[in-house]
Amino acid sequence: MPHPNDSHVFFTHWKKNYPVADYGKGIYIYDTDGKRYMDAIGGMFVVTIGHGVPEIADAVAAQTGKLCFANRNMFSNEPQEQLADKIVSMAPEGMDRVFFVPSGSTANEIALQVARNYHIERGDTNRYKVIGQWHNYYGATVGALSMSGNLATRRRMHMDPYFLDFPHVQAPSCYHCPYQQTYPGCKLACAHDLSRIIEQHGPSSISAFIATPIIGGTGGAIVPPPGYHETIREICDTYGILYICDEIITGLGRLGKNFGIEHWDAMPDIITLGKTLGSGYSSLGAVMASKHIWDTFVNGSQSNIVLLSTYSGHPISCAAALAVQNYLTEHHLVERSATMGRYLKKALQQLAEREPLIGDVRGEGLFLGVELVENRDTHEPYPLKKQVSTQVVQRAFEKGVVLSNRFGTGTQADGDHISICPPLIITEAECDELVTVLGDSIKEVREAL
Ligand SMILES: Cc1ncc(COP(=O)(O)O)c(C=O)c1O
């Protein structure tokens, strides 16, 4: 187990030891000491088809032997073409074009540029601001981080001098309603906050609104109330603003449908993909543009658009992702995500009935979250400094289950939640094992508080 002091790796924590992950099989990762860990967070919301799938290794080996790379301004390549076809065939009606990039952050950064170019092409040259959601995270690059609204985990901390003046709307969190109201009496105040922000900043300056179908790791799977995305869509149409849907965690099966936004009746203009696209077998993201955006460019004043990314459409990355997505379809893993998600959520709800620390169980498909609170009646969170969820995740890790915790769903930076996001191949018995370890870990922490 290396300690950061004895390594040349730039670890982002320097007071703990890191086991060395050696190999993976199914939903498990094994370290070099032979210890087995259930990967209940899919690496980092990434792995959907499971670890160690031989078909993907074969596809990568074959492509590596055939063509590693070719200048994308001069050539297309077969894996990129086939993957674009595959993703479009899975996407909501109207999505037409795919630009591949190396990561989720780059996907959102490029989405910002596509939106800006679209408005310029239409003569709307003042539109540049992208509105994000408080509590959400869209990536680490300056544009994506400026859109992000995560307060608690130091993701934005100290970076203020670099931020673009991008506004944010209230998060659609019913458990901690920013208006202290309840649905449906609230009349979707969180969605209508978008109109307020647009009017405040001047509609002619706004290029796009970015949201995730459900708020990811930084929210512990916050599911917006019914009608949220539909209302957002209407408001964007009213003001001529593009709707970017970040499906980097939620896309390609994670929520029990091909795309998470299909749980609502709202068609985005742009969809971004990342983590689940390569399921960990390649580092790949994508920007999907709907037909009306593509047509605006093709019928416009230019013959090209400048989108910069050396590795866009990388043949080996695309070959891996193509094999992943074919595997997902052939093994009916999207449907399985819905079925097993229901099973796991029910087991978590049963745990919540006997575990007083759990205030909320939420999520969709196999992306679930539990919120830990000091007071279940008032939803009062524990103070951030107690690091309650960190302690739970650490204990679960010692017991061989990998989870992820974050803060910030409460009133300020506090509000502990734990995300559960296993590979979609998880079985009922493995779900039971997961819930047992989580329950034991929470109990131990509660007793020590
Ligand atoms: C919703 C969401 N969007 C974008 C990103 C950025 O993706 P990446 O870390 O691959 O750049 C993340 C990463 O956690 C994410 O959760």
Condition check for Gly300: in contact (Cβ under 8 Å) with a residue 12 or more places away in the chain, part of a loop (DSSP other than H, G, I, E, B) and closer than 20 Å to Leu145 by Cα = no
Restricting attention to the range 348-379, the residues that are under 22 Å from Gly43 (Cβ atoms) and not in a strand (DSSP E or B) number exactly 3
Subset of the range 360-383 (residues that are open to solvent by less than 60 Å² (accessible area, probe 1.4 Å) and more than 23 Å from the chain's Cα centre (by Cα)) | Val373, Asn375, His379, Pro381, Tyr382, Pro383
Residue that is most open to solvent (accessible area, probe 1.4 Å) [pool: residues in the range 229-248 that are assigned to a helix (DSSP H, G or I) and of a type in the set (Ser, Thr, Tyr)] = Thr238
Does the range 308-315 contain at least one residue that is part of a helix (DSSP H, G or I) and small (Gly, Ala, Ser)?
-> no
Enumerate the helices (runs of 4 or more DSSP H) found wholly within the range 32-115, keeping only those where 1 or more residues are open to solvent by 40 Å² or more (accessible area, probe 1.4 Å) and within 27 Å of Tyr138 (Cβ to Cβ).
-> 42-45, 78-90
Which is outside the structural domain of Asn405 (by TED's automatic domain parsing), within 13 Å of the ligand (Cβ to nearest atom) and in contact (Cβ under 8 Å) with a residue 60 or more places away in the chain, of Tyr118, Tyr138, Tyr128?
-> Tyr138
Assuming Ser309 fulfils every condition listed in (1) over 24 Å from Ile120 (Cβ atoms); (2) within 13 Å of the ligand (Cβ to nearest atom) apart from one, which condition is it?
-> (1)
Does the range 222-244 contain any residue that is within 11 Å of the chain's Cα centre (by Cα) and within 14 Å of the ligand (Cβ to nearest atom)?
-> no
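The values are calculated or read from the model by the stated rules, or taken from the named source; none is laboratory data. Bear in mind that the values here come from a model prediction, so they are computed numbers and not experimental data. Note: ideal-geometry Cβ built from the backbone for every residue, glycine included; neighbour counts use all protein chains shown. These area figures cover heavy atoms from the full protein model, side chains too; ligands, DNA and RNA do not enter into them. Shrake-Rupley method; radii C 1.70, N 1.55, O 1.52, S 1.80 Å.
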